[in-house]
Amino acid sequence: MTDRQDTPVDSVAELVDILTALRAPGGCPWDREQTHETLKYYLVEESGELLDAIDERNDPAMMDELGDVLLQIVFHAQIASERGAFSLEDVARACCDKMIRRHPHVFGHADVDGADGVIRQWEEIKRLEKGDAAPDSAVAGVPRHLPALHRAHKIQKKAAKVGFEWATIDGAIAKIEEELAEVKDALQNRDDSEVAEEIGDLLFAVVNLSRFRQHYAEDLLHQTVRKFERRFRHMEDALGTAGRELEQCSLDELSDAWDSAKVSLREGTAKIQPT
């Protein structure tokens, strides 16, 4: 934290001034050549780093990464302002108006029944804002650039709202078994394109099981990847202490070291909380 006593308005205004200077003639060559398109993946990257900081409950890192995300927002607004489309002030005003409009139970006289009532009211207001126009599909409106597992979850959830859903979890499990059998068949046929398609179908079915249990597959896979990384690093360290390189070990030796890492880290019974 700094010792300056700026208000949020002062600090954001200074950030806008900095971006204006960087983009001006004689400013930074790299910043001047950026476009909305070239910045897309920086926003994804910065958002991912923010999520890491949140998971780690690291407040200083969260503050830093939130700043990086804010920089991306100001950067996009600056580029839009230069072509006369909109400014950061327009972005903030539209957001303020939307938040007030979609919270009539706080800023108006509406009554809602708990958090579920808030969500229903929010969706109804969104529908009215769009002019009461029906979407072209029940699964419309899910951003294409979401991570694939998250996007699958959102689309499946929309489909479930109109009744396209297993009656019990047994149906979701049976679908996984069906898709796994189809992967095996494709492997026997030695058809690479068919194998790829069937693996995708299997992943989609696994996401559905996760969603059925009120988990996000994206979160579950991230947790499993972190668990794998911890165990692998532990195995590397243990073998290194014994004077062994991984490349020198047989598969049986690596399997034994892996099992030892699992025991040492005591992760076998870790619980994953529903989202």
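Each value in this text was obtained by applying a stated rule to the coordinates, not by laboratory testing. Computed from a predicted model, the values in this text were never measured in an experiment.
In a fully extended conformation the segment linking Arg244 and Ile18 would gain 76.1 nm over its present Cα-Cα distance, using 0.36 nm per residue.
Between Arg190 and Val225, the contour length at 0.36 nm per residue exceeds the Cα-Cα span by 9.7 nm. Once the Cα atoms are used to define both axes, helix 114-129 deviates from the longest principal axis of the chain by about 60 degrees.
Relative to the dominant Cα principal axis of the chain, helix 88-101 is inclined by about 80°. Pairs of Lys residues in the chain, spaced 8 or more positions apart or belonging to different chains, with C-alpha separations under 20 angstrom: 16 in total.
Starting from the Cα gyration tensor of the stretch 69-193, take the square roots of the eigenvalues, sort them a ≥ b ≥ c, and report rounded, prolate or oblate (rounded when a/c is under 1.5, otherwise prolate if a/b is larger than b/c, else oblate). Because a/c hits 1.5 or more and a/b fails to exceed b/c, the stretch 69-193 counts as oblate. Sequence-ordered 3J(HN,Hα) estimates for the stretch 205-219 from the Karplus curve with 6.51, -1.76 and 1.60 and θ = phi - 60° stand at 5, 5, 4, 4, 5, 4, 5, 4, 8, 6, 10, 8, 4, 4, 5 Hz, glycine and proline given as x. List the residues whose amide H sits under 5 Å from the amide H of Val112, counting only those 5 or more places along or on another chain, with H placed 1.01 Å from N in the peptide plane. Those lying under 5 Å, H to H, from Val112: there are none. Take the Kirkwood radius over Cα pairs of the stretch 8-100, plug it into Stokes-Einstein at 10 °C and 1.306 mPa s, and you get 111 µm²/s for translational diffusion.
On the principal axes of its alpha carbon atoms, the stretch 148-212 extends 38, 24, 17 Å, with the longest extent given first.
Shape verdict for the chain, please, from the Cα gyration tensor: rounded (a/c under 1.5), prolate (a/b greater than b/c) or oblate. Since a/c reaches 1.5 but b/c is at least a/b, the shape of the chain is classed as oblate.
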